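Peer 1: What follows is a structure written as structure tokens; I'll ask about it next.
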Amino acid sequence: MNELQYRANFFVQLFQSLIALATGLAVIALVFGHTEQLNGWNHAELLAVMGVHIAMGGLIGTLIQPNMMRLAQEVRDGKLDFALTKPADAQLLASLREVRIWRLVDVAIGGVVLAAALGQLGVAPSLGGGLAFAATIVLGGLMIYCFWLILTTFAFWIVRIDEIAELFDGIYQSGRWPVGVYPGWLRISLTFLVPIAFAVTVPAEALTGRLTIETFLLAAGFAVLLFAFTRWWWRFGLRRYSGASA
């Protein structure tokens, strides 16, 4: 209901998303104007990476980013009390209070790009491939959520972390390309420090038949460990919160 008060945002979001899509397609066309493959990825497979990148960005903008920014603001203002005093898990409440429905435009556009990529590949995804894709999307989204919450929890010590959104958006743009095209040190950073590889490249691998069982098990195991650490880190940071009534 809150978002529907600003329906013009839908058209603004649609325009921004189409501009970003056109820019991404132009860059891919420019790259493949000089080569037929990029580190073993052909044009259609890179289109699949781009589709996952757009769709995952839409999910982040819909569910994760607005809640994390609100959490940081409420820690600074002392208004987190309203969530902490409710008879429910505080982390769950702090993570699910806002939904920016207009960012679902990116999810839809990402789906169209993925469909186009599959059409160019000339293959229909199997049941196993579809389930693997869905599972890796969930795991990737969970890891991005954990990364955001870990950074946002620093608000209990650092008063202002408003630049977190710009920082993440800048790093997230690296996901437009398969993580394998980057140098080793950056590849490791984009996999285990900022889990862009698990959120974008791995789902694209699942959709294009590149995903191995070892990579899937690594993603699942890392997601479990990261979530456990994030849960502990949230509770540790919460002890530093004084609230507006303190």
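Peer 1: Pick from G51, G24, G221: which is most flexible by mean-square fluctuation in a GNM of the chain where alpha carbon atoms under 10 Å apart are linked?
Peer 2: Of the options given, G221 has the highest mean-square fluctuation.
Peer 1: If you don't mind, there's one more thing I want to ask. Hey, fewest Cβ within 10 Å first, where do H43, H34, H53 land in order?
Peer 2: On the way: H43 17, H34 7, H53 27.
Going from least to most buried by this count: H34, H43, H53.
Peer 1: Given the options F11, F227, F154, state which has the largest fluctuation in a GNM of the chain using a 10 Å cut-off (strictly under) for Cα springs.
Peer 2: Per the Cα network of the chain with a 10 Å cutoff, F11 tops the list.
Peer 1: Continuing with the same structure: Divide by every residue of the chain the summed helix terms, -39500 (n - 2.57) for each DSSP H run of at least 4, and state the resulting mean residue ellipticity at 222 nm, rounded to the nearest 500 deg cm²/dmol.
Peer 2: One gets -20500 deg cm²/dmol as the mean residue ellipticity at 222 nm.
Peer 1: So, one more: What does the charge count around G40 come to, taking other residues whose C-beta lies under 13 Å from its C-beta (Lys +1, Arg +1, Asp -1, Glu -1)? Each step should come with its number before you reach the end.
Peer 2: Working: positive: R210; negative: E36, E45, E205.
Here the charged neighbours net out to -2.
Peer 1: Can you tally the net charge around S17? Count Lys and Arg as +1, Asp and Glu as -1, for every other residue whose Cβ sits under 15 Å from the Cβ of S17.
Peer 2: The answer is +1.
Peer 1: Let me ask something additional. Alpha carbon centre of segment 28-58 versus segment 168-217: separation in Å?
Peer 2: Rounded to whole Å, the Cα centres lie 13 Å apart.
Peer 1: Once each part is reduced to its C-alpha centroid, what is the distance from segment 65-97 to segment 120-166 in angstrom?
Peer 2: The distance from the Cα centre of segment 65-97 to that of segment 120-166 comes to 20 Å.
Peer 1: Please list the equivalent ellipsoid semi-axes of segment 3-238, computed as the square roots of five times the alpha-carbon gyration tensor eigenvalues, in descending order and whole angstrom.
Peer 2: Working: eigenvalues 202, 86, 53 Å².
Result for segment 3-238: semi-axes of 32, 21, 16 Å.
Peer 1: Could you work out which residue, out of A20, A220, A55, moves most in a Gaussian network model of the chain, that is, has the largest mean-square fluctuation with Cα springs under 10 Å?
Peer 2: Maximum among the listed residues: A20.
Peer 1: Measure nothing fancy, just the Cα-based angle from helix 213-238's long axis to the longest principal axis of the chain, in degrees from 0 to 90, nearest 10.
Peer 2: 20
Taken together, the values in this text are just the output of simple stated rules run on the coordinates, not laboratory data. All values derive from a computational prediction rather than experimental measurement. Cβ: placed from backbone, ideal geometry, glycine included. Neighbour counts: every protein chain shown.
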